[in-house]
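Rule-based calculations on the coordinates, nothing more; no lab input. Worth saying up front: this structure is predicted, and the values here are computed from it rather than measured. Here the Cβ is made from the backbone with ideal geometry for all residues, glycine too, and neighbour counts use every protein chain on show.
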Amino acid sequence: MARRRNHRALVPGAESSLDQLKMKVMKDKGYNVNPSRPDAVKYEVARSLGIPLQPGYNGDLRSEDAGKIGGPIGGAMVREMVRMAQQKLADERSLHR
């Protein structure tokens, strides 16, 4: 049986920072992001891919199509977090030399 995901951040209070990261990353990729609703960028991503995502119930949406929407968003966020961590490590190394 498939497990339903909990869409809350693991660290309490991190949601706003994750929303800011999502907004920055998706703006950098050329998407129009509403600062008051950064999560709504998924509709623009879906529209650009020709996937009929609508607010509310999307039970008829194929898993493959849902992945095509979430993948670019989450993937871009992970790549940016890795880049930020690598930069922080490099900065710390240069301070200890």
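Note on region 17-97: lysine pairs with Cα distance below 19 Å, sequence gap of 8 or more or different chains, count 9.
Entry note, the chain: relative contact order of 21 percent, from Cα contacts under 8 Å with a spacing of 6+ residues. Relative to the Cα centre, the charge distribution of region 12-88, modelled as +1 at Lys and Arg Cβ and -1 at Asp and Glu Cβ, gives a dipole magnitude of about 300 debye. The label point for residue 61 and the one for residue 95, both projected 7 Å from the Cα toward the Cβ, are 4.1 nm apart. The percentage of C-alpha pairs in the chain whose separation is greater than 19 Å is 52%.
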